[in-house]
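Input: a single structure, listed below in C-alpha cells.
The values are calculated or read from the model by the stated rules, or taken from the named source; none is laboratory data. The structure presented is a predicted model; accordingly, all values stated were derived computationally and were not measured. Every residue, glycine among them, receives a Cβ derived from its backbone with ideal geometry; neighbour counts consider all protein chains shown. With ligands, DNA and RNA removed, areas are computed over all heavy atoms of the protein, side chains included. Shrake-Rupley method; radii C 1.70, N 1.55, O 1.52, S 1.80 Å.
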Amino acid sequence: MRQNLISLASGTLFGAGLAVSGMIDPARVRAFLDVTDAWDPTLAFVMAGAILPMAIAWFVVRRRSTPIAAEQFHTPATSPIDRRLIGGAALFGIGWGIVGLCPGPAIAALAIQPLPALIFIAAMALGAAVHRFAFTSRRSA
C-alpha cells in the first residue's frame, strides 16, 4: 500500500509539473523542435531543471543498499547502442515532432485535452501491440 501511495504521489507530481510547465501543449513542444522559425526554448529549461534532481537521485541510489519503499532496486541493465535502439529513437522523435506529444505528457494531457490525447494514446497502444506481435512472431518461429 505504501509503495502504491508513493507511486501515486510521484505520478501526480510529474503530471502537475508537465501541466505547469506547459509541456502537455503540443504547440509548445513543436515550437521547441522548430529551430528554423519561432523557436521556443521553454522545453530546454524544463529538461535542464529535471537534470539536477535526477542527478541527486542517482547519487542517493548508489549509496543505499535498499530503496525506501521496495525490497530491492529495479535499475535497468546497460545495453549497447544498436540498430534497434537507433530506429526506435528515430521513430519516437519523428512522432514527437509531428504530434508534439510523447507518452508521459499524453497521459497528463488527458485531463486538459482529452480527445487529442486519447487518439494519441490509442495510436501508441496500437503501435506497441504491433511491435509486440511482430517480435513475438519472430522469436517463436
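Highest average first, the peptides 44-51, 17-24 ordered by how many other beta carbon atoms sit within 10 Å of their residues are 17-24, 44-51. Rounded to the nearest 20 debye, the dipole size of region 35-117 about its Cα centre is 380 debye, using +1 on the Cβ of Lys and Arg and -1 on the Cβ of Asp and Glu.
Could you give the dipole magnitude of the chain about its Cα centre, charging the beta-carbon of Lys and Arg +1 and that of Asp and Glu -1, in debye to the nearest 20?
On the way: 11 positive and 6 negative charges, 132 e Å.
For this selection, approximately 640 debye.
Expressed as a whole percent, the accessible surface of the chain that belongs to carbon and sulfur atoms is 70, based on a 1.4 Å probe. The mean accessible area for residues of region 57-116, using a 1.4 Å probe and ignoring ligands and nucleic acids, is 78 Å² per residue.
Could you give the nm distance between label points at residue 57 and residue 130, where each point is 7 Å from its Cα heading toward the beta carbon? Placing both labels 7 Å along Cα→Cβ, they lie 3.1 nm apart. Residue ranges 65-78, 82-95, 119-132 sort as 119-132, 82-95, 65-78 when ordered by packing (mean number of other C-beta atoms within 10 Å per residue, highest first). Subtracting the Cα-Cα distance of residue 64 and residue 6 from their residue separation scaled by 0.36 nm leaves 19.1 nm.
From the square roots a ≥ b ≥ c of the eigenvalues of the alpha-carbon gyration tensor of region 51-141, which class results: rounded (a/c under 1.5), prolate (a/b over b/c), or oblate? Here region 51-141 falls in the oblate category. Prolate is the label for region 1-115, because a/c, from the alpha-carbon gyration tensor with a ≥ b ≥ c as root eigenvalues, is 1.5 or above and a/b exceeds b/c.
The modelled label-to-label distance for the pair residue 91/residue 123, using points 7 Å beyond Cα in the direction of Cβ, is 1.4 nm.
Compute the length gained on full extension between residue 16 and residue 28: take 0.36 nm times their separation in residues and subtract their Cα-Cα distance, giving the result in nm to one decimal.
2.7 nm
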